[in-house]
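Visitor: Just dropping this structure here.
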Amino acid sequence: QTDSVCADLFPRAKQILLPSDSEAEVPHLQELSKPSDLPPVGQFSQVYWPNQCKVIRDRIEHIDWIPTTPEPMYTPTGLEMMPPYQPPDKGTVVYLGEEANTASCFMYSQVRGLCPMKQVLHQKLDNTLIFEARFESGNLQKVVKVNDFEYQLTLRTDLYTSRHTQWYYFQVSNTQAGMPYRFTIVNFTKRNSLYKHGLRPLLYSEADAKKHNVGWRRTGNEIKYYKNNVGEGGHQYFSLTWTFQFPHDRDTCYFAHCYPYTYSNLQEYLVDISKDPEKSKFCKIRILCRSLAGNIVYVLTITNPPESGNDTKRKAVILTARVHPGETNSSWIMKGFLDYILGNSHKAQQLRDTFVFKVVPMLNPDGVIVGNHRCSLTGKDLNRKYKCKVKKCYPSIWYTRNMIRR
């Protein structure tokens, strides 16, 4: 029964392994429903995962909230600690997700199937934090408990690669308020980072959202980004460490690199547009193509209908976003643009009278869904594939390029 419930929430496609750009070597998708037109107004299209990904049943949702003040920056003191990498035998592994490059799944609970069990505490008074990232856009590979209030975290590389660790987004529960926790992520690969210039991690508290209507906000002290004592295959790794206190006991919290914007968030936004009797007159939502996993890549056509008898040609303005899944800010910028161009202002109406806007709001839905930072399910950067002529490997790029030519 559990499997059937989970299969309904997260229908999945066969994994696609693409060793090269040769079209002859690309296997056909299986276990996909026949691509059809948009789902009925007010309904979501299904979200497809590679079938190796194990996902929890919970749907993760966050409130919309705009902070009243600018994001607080961290000012270094010069006294920040730089914890060294701790081998797993120096602590206790409390969370272990799937391997990105082999598509194997070794869960902490050692339970296999469509719906993995969550981390289980074996003692009633155990204060160990409970971690989870097997949800849409989540990314966390492993957690080692160093001591009662210190944890070492490893991020998952992009699926089917051994690279690209930047995006993180995970859940933490069984919290204790007011205690000095330290998290250290140990496998960043970029030498430079905005964390060296005052950036703080994001924190979301479900209790604060429910009680005080407070959403994501920047948090953390003693923040340090530094080269650590680990290297592999000629690559040097870098760590990000920070201290913080949870605001509530027994809360469920989330941490993220940047404000999450998932494929489901996009679908919710598009459903609202389709249900709006005014916006739907000048914004038509269609399927550009299907991704490798079978997820819909949407294209929006935005222009005011011509006046009766006036069929003047209009120039096109083309916008795309979210080719790199971990760059969630591009989705928020796209949302801001769409809010404006679909609005009632005189300038927005003038723009719709003058141009035809073709908008692809999410070029890489598969990468967004699985929590990648840069790549699609091919393990390739789609932003480097605009000259590739292989439609089956990179459908969203192929169809976008053809749309631009038209």
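Visitor: Could you name every one of the helices (runs of 4 or more DSSP H) located completely within the range 325-394 that has at least 1 residues being of a type in the set (A, V, I, L, M, F, W, C), over 21 Å from Arg286 (Cα atoms) and open to solvent by less than 50 Å² (accessible area, probe 1.4 Å)? Reasoning before the result, please.
Guide: On the way: elements: 329-341, 346-354, 365-370.
Hits in the range 325-394: 346-354, 365-370.
Visitor: Right, something else. Do you know which residues across the range 65-82 are over 28 Å from the mean Cα position of the chain (by Cα) and either open to solvent by less than 80 Å² (accessible area, probe 1.4 Å) or on the phi > 0 side of the Ramachandran plot (or both)?
Guide: The answer is Gly78, Glu80.
Visitor: Which of the residues spanning the range 276-290 are open to solvent by 30 Å² or more (accessible area, probe 1.4 Å) and outside any helix (DSSP H, G or I)? Please lay out each step first, then the result.
Guide: Step one: list which residues in the range 276-290 are open to solvent by 30 Å² or more (accessible area, probe 1.4 Å), which gives 276-281, 284, 286-287, 290.
Correct list: Asp276, Pro277, Glu278, Lys284, Arg286, Ile287, Arg290.
Visitor: Answer yes or no as to whether Tyr169 is more than 20 Å from His62 (Cβ to Cβ) and among the hydroxyl-bearing types (Ser, Thr, Tyr). First the steps, then the outcome.
Guide: On the way: more than 20 Å from His62 (Cβ to Cβ): no; among the hydroxyl-bearing types (Ser, Thr, Tyr): yes.
Taking the combined requirement at face value, the residue does not satisfy it.
Visitor: Go through the range 213-250 residue by residue and tally those that are under 30 Å from Ile66 (Cβ atoms) and not polar (S, T, N, Q). Steps first, answer last, please.
Guide: Going through the range 213-250, the residues under 30 Å from Ile66 (Cβ atoms) turn out to be 213-225, 240-250.
Applying the additional criterion that residues be not polar (S, T, N, Q) yields 214-218, 220, 222-225, 240, 242, 244, 246-250.
Final tally of qualifying residues: 18.
Visitor: Being open to solvent by less than 60 Å² (accessible area, probe 1.4 Å) and part of a strand (DSSP E or B): is that true of Ile273 here?
Guide: Details: open to solvent by less than 60 Å² (accessible area, probe 1.4 Å): yes; part of a strand (DSSP E or B): no.
No.
Visitor: State the number of residues belonging to the range 213-231 that are farther than 27 Å from Asp251 by Cβ and open to solvent by 60 Å² or more (accessible area, probe 1.4 Å).
Guide: 2
Visitor: If I filter the range 291-298 for residues that are of a type in the set (Gly, Ala, Ser) and open to solvent by 20 Å² or more (accessible area, probe 1.4 Å), do I get at least one hit? If you could, list the steps in order and put the result at the bottom.
Guide: Taking the range 291-298 as the starting set, the residues that turn out to be of a type in the set (Gly, Ala, Ser) are 291, 293-294.
Subset that is open to solvent by 20 Å² or more (accessible area, probe 1.4 Å): none.
Checked against the condition, which is being of a type in the set (Gly, Ala, Ser) and open to solvent by 20 Å² or more (accessible area, probe 1.4 Å), the range 291-298 yields no hits at all.
Visitor: Quick one: would you say Ala293 is without any contact (Cβ under 8 Å) to a residue 60 or more places away in the chain, under 27 Å from Phe170 (Cβ atoms) and small (Gly, Ala, Ser)? Please lay out each step first, then the result.
Guide: Working: without any contact (Cβ under 8 Å) to a residue 60 or more places away in the chain: no; under 27 Å from Phe170 (Cβ atoms): yes; small (Gly, Ala, Ser): yes.
Spelling it out, it is not the case that Ala293 is without any contact (Cβ under 8 Å) to a residue 60 or more places away in the chain, under 27 Å from Phe170 (Cβ atoms) and small (Gly, Ala, Ser).
Visitor: Quick one: Gln245 ticks every box in (1) of a type in the set (S, T, N, Q); (2) out of contact with any strand residue (DSSP E or B) (no Cβ under 6 Å at 6 or more places or on another chain); (3) closer than 25 Å to Asp58 by Cα except a single one, so which number is it?
Guide: So the condition that Gln245 fails would be (3).
Visitor: With Lys118, Lys145 as the choices, which residue is over 17 Å from Ser239 (Cα atoms) and either open to solvent by 40 Å² or more (accessible area, probe 1.4 Å) or modelled with pLDDT of 85 or more (or both)? Steps first, please.
Guide: Working: Lys145 fails: over 17 Å from Ser239 (Cα atoms).
Exactly one residue qualifies, and that residue is Lys118.
Visitor: Further question on the same structure: Output the residues belonging to the range 208-230 that are of a type in the set (Val, Ile, Thr) and either part of a helix (DSSP H, G or I) or free of Cβ contacts under 8 Å to residues at least 40 places away in the same chain (or both).
Guide: Thr219
Visitor: Still on this structure, I have one more. Please work out which one of (1) in contact with an Asp or Glu (Cβ under 6 Å, 6 or more places away or on another chain); (2) at positive phi is the condition Gly233 fails and give its number.
Guide: (1)
Visitor: Assess whether Lys210 counts as being touching a Phe, Trp or Tyr at 6+ places or on another chain (Cβ under 8 Å) and surrounded by fewer than 16 Cβ atoms within 10 Å (Cβ to Cβ).
Guide: Values: touching a Phe, Trp or Tyr at 6+ places or on another chain (Cβ under 8 Å): no; surrounded by fewer than 16 Cβ atoms within 10 Å (Cβ to Cβ): yes.
Spelling it out, it is not the case that Lys210 is touching a Phe, Trp or Tyr at 6+ places or on another chain (Cβ under 8 Å) and surrounded by fewer than 16 Cβ atoms within 10 Å (Cβ to Cβ).
Visitor: Just need a number here: residues in the range 260-291 that are within 17 Å of the chain's Cα centre (by Cα) and under 20 Å from Val323 (Cβ atoms). Spell out the reasoning first.
Guide: Step one: list which residues in the range 260-291 are within 17 Å of the chain's Cα centre (by Cα), which gives 260-269, 291.
Now drop any that are not under 20 Å from Val323 (Cβ atoms), which leaves 260-267, 269, 291.
The total comes to 10.
Visitor: Related question: Can Phe238 be described as in a strand (DSSP E or B), farther than 25 Å from Thr128 by Cβ and either touching a residue at least 40 places away in the same chain (Cβ under 8 Å) or open to solvent by less than 20 Å² (accessible area, probe 1.4 Å) (or both)? Please lay out each step first, then the result.
Guide: Working: in a strand (DSSP E or B): yes; farther than 25 Å from Thr128 by Cβ: yes; either touching a residue at least 40 places away in the same chain (Cβ under 8 Å) or open to solvent by less than 20 Å² (accessible area, probe 1.4 Å) (or both): yes.
For Phe238, the condition - in a strand (DSSP E or B), farther than 25 Å from Thr128 by Cβ and either touching a residue at least 40 places away in the same chain (Cβ under 8 Å) or open to solvent by less than 20 Å² (accessible area, probe 1.4 Å) (or both) - is met.
Visitor: Hey, another quick one. Among what's in the range 151-185 and is modelled with pLDDT of 95 or more, touching a Gly at 6+ places or on another chain (Cβ under 9 Å) and aromatic (Phe, Trp, Tyr), pick the residue that is farthest from Thr92 (Cα to Cα).
Guide: Ranking the candidates gives Trp167 first.
Visitor: For residues in the range 172-207 being among the polar types (S, T, N, Q) and part of a strand (DSSP E or B), which is surrounded by the most Cβ atoms within 10 Å (Cβ to Cβ)? Quick ask: steps written out before the conclusion?
Guide: Filtering the range 172-207 down to residues among the polar types (S, T, N, Q) leaves 173-176, 184, 187, 189, 192-193, 205.
Then drop every residue that is not part of a strand (DSSP E or B), which leaves 173, 184, 187, 205.
Working: Ser173: 17, Thr184: 24, Asn187: 21, Ser205: 22.
Per the criteria, the residue is Thr184.
The values are calculated or read from the model by the stated rules, or taken from the named source; none is laboratory data. Note that the structure is predicted; figures quoted are calculated from it, not measured. Every residue, glycine among them, receives a Cβ derived from its backbone with ideal geometry; neighbour counts consider all protein chains shown. Side chains are part of the model used for accessible areas, which takes the heavy atoms of the whole protein and leaves out ligands, DNA and RNA. Shrake-Rupley method; radii C 1.70, N 1.55, O 1.52, S 1.80 Å.
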